[in-house]
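> Just passing along the structure, written as structure tokens.
Please treat every number below as a calculation from the coordinates, not as lab data. Nothing here was measured: the structure is a model prediction, and the numbers come from that model. In this analysis, Cβ positions are derived from the backbone assuming ideal geometry, glycine residues included, and neighbour counts consider all displayed protein chains.
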Amino acid sequence: MGARRAQGGRVNPDNPVMAETATPPMPAPQPRGASLRLRVNLIVACLMALFIAALVWQQIDNTRASVREEIVASNRVATQLLQRVSWIVTRGGPQAMLGFLDQLGRVRANDITLSDDAGRVLYRSPPPVYKQGRHAPAWYSALVLPPLQRQVITIAGGTLTIESDPSRAILDGWEDLQRLALFAAAALTLIQLAVFWAVGHTLKPFQQIVQALGRMQGGDYSHRLAPLPGREAGLIGESVNRLAEAIEANVQQRIAAHDTERRLAESRDWAHRVEQRLEAERREIASELHDELGQSVTAIRSLARSLATRLPQADTTGREAALMIDSEATRLYDAMQGMIPRLTPLALAPLGLPDALTDLVSGLRQRHADWQIDLIVSDLGAPLAAPAALVAYRVVQEAVNNAIKHSGGTQITVTLAPHPPQHMSLSIEDNGRGLPPAEERPPRFGLTSLRERVLALGGVFTAAARAEGGTCIQATLACQAEAGA
């Protein structure tokens with residue numbers, strides 16, 4: 001058996017069992033969709049992006065609040081300042097205020113305009129020098145721009161207008177946001193690289209699991225995974241190892257079972273050929289006994305009787321010798337005629353199974369007058385193949401002889417009946433002491449040989465004790481020979 005086992009746990013393609021156990025190798029399934037590693041990285045990236053977006057929005061909201069607070073406070077301070085110095089206008093008129101504003105210069109986050117009563121602009125705040133020429137994007141300005149503050153102060157001879165200008169505060173917020181965005185992008189990149197490496201390192205054992213499953217798919221069931229790091233990977237690896245062990249054990253069991261079945265089939269085939277040869281030898285011996293030896297014995301009987309009639313009455317010794325020869329020849333002829341049916345049923349081929357069984361039972365009744373042997377035969381309704389008829393005849397012959405020799409009973413019933421579809425059923429029952437246990441059964445019972453002969457033709461054979469006492473032997477055979485039988 002070892003020569004037929006799969007070497008190293010691999011499937012042997014020449015082994016017929018493997019043709020059933022292992023399906024033809026299939027192409028490895030192509031992975032569909034993104035890998036687990038990529039999905040984990042995308043999840044982390046999305047979470048990080050949401051976190052950064054929250055930070056950006058918080059920064060924008062803070063900038064909006066800061067700009068609003070600065071604009072409101074600055075506008076209020078400028079307004080109060082200019083209201084306090086309105087005495088300048090009272091003493092010197094608009095020109096005095098104009099001189100004051102020129103000296104004051106630009107007030108942060110405010111545009112100051114001085115106009116006379118005719119609407120002419122006498123003064124306008126100079127442009128800011130802080131981060132001159134730079135401006136935040138319009139979309140960002142729209143996000144953080146607070147409601148504009150505009151204060152109008154009426155003075156003698158003119159109007160003083162104070163309007164808020166948050167462009168510089170907005171620009172500061174925009175630059176802070178840019179620095180935050182750069183920091184967040186760098187942090188996101190570093191974190192993604194770290195997560196990519198960590199996830200790859202964590203999922204590395206699963207690649208070994210996939211490779212192990214691939215080797216199992218290729219028929220290498222002896223491969224085992226080493227202990228894998230990580231709780232989940234370790235549990236899956238142990239499960240894969242147990243699966244491989246179970247499959248390998250199952251494969252080896254099936255190989256062993258196949259080898260056993262093969263040897264049993266070969267043994268049955270050999271026994272069938274031996275049985276066929278024995279039957280052929282028995283037929284030849286029976287034919288020789290019937291044709292040659294039977295004629296010779298018949299001739300001896302005829303000569304002995306002729307000699308006894310021709311000898312003189314006074315020759316008592318000669319006549320007694322002739323009569324003795326005739327008696328012994330008759331006894332030899334009867335013994336030979338009783339031996340021929342046991343060698344081969346000569347009536348089976350020309351007459352058929354029912355008539356052959358009738359002839360067999362009739363001879364048994366004559367030789368065993370103290371036994372009641374009944375034969376019940378029904379029409380089989382289908383042609384009977386020669387191998388099945390011969391096996392059925394041998395089953396009846398052996399079972400009846402066993403019952404007569406070993407059962408200790410007085411009655412035997414043989415039943416031949418059809419068994420649909422296209423099968424026949426044999427039953428031999430006796431009222432003896434019953435079948436002994438298998439371990440106490442002597443080999444002369446011959447039940448094993450009968451069972452093998454029935455099974456060789458695809459039939460069913462049973463031998464069991466009857467509930468009311470005695471033994472029942474049953475055999476079911478196909479009426480027609482199977483193809484190739």
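> Can you give me the Rg/Rh ratio for the stretch 151-309, using Cα atoms for both radii and the Kirkwood formula for Rh?
1.87
> Figure the gain on full extension for GLN132 and ALA156 (residue separation times 0.36 nm, minus the Cα-Cα span) and round it to one decimal in nm. Mind showing how you got there, number by number?
Values: separation 24, 0.36 × 24 = 8.64 nm, distance 3.45 nm.
Fully extending the segment from GLN132 to ALA156 adds 5.2 nm.
> May I pose another question? Points 7 angstrom from Cα along the Cβ direction at GLN217 and LEU203: gap in nanometres?
Taking the two extended label points, one gets 1.8 nm.
> Further question: Can you tell me how the stretch 343-386 classifies by the Cα gyration tensor, rounded, prolate or oblate, using a/c under 1.5 as the rounded cut?
Oblate shape, in that a/c is at least 1.5 and b/c is the bigger or equal ratio.
> While we're here: Can you pull the percent of Cα pairs in the stretch 36-190 with separation above 20 Å? Write down the numbers at each step before the final one.
On the way: 7101 of 11935 pairs.
So the pairs more than 20 Å apart make up 59 percent of the total in the stretch 36-190.
> While we're looking at this one, here's another question. I need the calculated FRET efficiency for the pair LEU148 and ALA53, taking r as the beta carbon distance and R₀ as 22 Å, to the nearest 0.05.
0.15
> Moving on to the next point. Regarding the stretch 206-248, what are the three Cα extents along the principal axes, ordered largest first, in Å?
So the extents along the principal axes, rounded to whole Å, are 27, 18, 12.
> With a 10 Å radius around each residue's Cβ, average the other Cβ atoms per peptide and rank 325-337, 157-169, highest first.
Listed from highest to lowest mean packing, they are 157-169, 325-337.
> Distance between the C-alpha centers of the stretch 355-425 and the stretch 211-232? Whole Å please.
Each part reduced to its Cα centre gives a spacing of 62 Å.
> Determine the principal axes of the Cα atoms in the stretch 348-485, then give the extent along each, sorted from largest to smallest and rounded to whole angstroms.
Principal extents (Cα only, largest first): 40, 34, 24 Å.
> Separate question: Taking amide H positions as placed in the peptide plane 1.01 Å from N, state which residues far from LEU435 in sequence (5 or more) or on other chains have amide H under 5 Å from it.
For LEU435, whose amide H was placed from the backbone, the distant partners under 5 Å are ALA465, ARG466.
> Label-point separation (nm) for GLU266 and LEU42, each offset 7 Å from Cα along Cα-to-Cβ?
5.9
> Rule-of-thumb check for the stretch 230-344: C-alpha Rg over 2.2 N^0.38 Å?
Cα-based Rg divided by the globular estimate yields 2.61.
> Given Cα pairs under 8 Å that are at least 6 residues apart, what percent is the relative contact order of the stretch 36-190?
31
> Continuing with this model, one more query. Could you give the length gained by full extension between LEU351 and SER287, i.e. 0.36 nm per residue of separation minus their alpha carbon distance, to one decimal place?
Length difference between fully extended and current span is 21.4 nm.
> What FRET efficiency comes out for the pair ALA226/TRP139, r = Cβ-Cβ distance, R0 = 41 Å, nearest 0.05?
Result of the calculation: an efficiency of 0.10.
> Let me ask something additional. Can you work out the FRET efficiency for the pair ARG367 and GLN313, with r the C-beta to C-beta distance and R0 = 30 Å, to the nearest 0.05?
Working: r = 37 Å, r/R0 = 1.23.
Working from the Cβ atoms, E equals 0.20.
> Ranking request for peptides 135-146, 364-375: highest mean number of other beta-carbon atoms within 10 Å first, then the rest in descending order.
So the peptides 135-146, 364-375, ranked by packing, come out 135-146, 364-375.
> How far, in nm, would the chain grow between ALA467 and GLU328 when pulled straight, counting 0.36 nm per residue and subtracting the alpha carbon separation?
Here the answer is 45.4 nm.
> Say each of GLN178 and ALA257 gets a label point 7 Å from the Cα, pointing the same way as Cα to Cβ; how far apart are those two points in nm?
For the pair GLN178/ALA257, the computed spacing is 7.8 nm.
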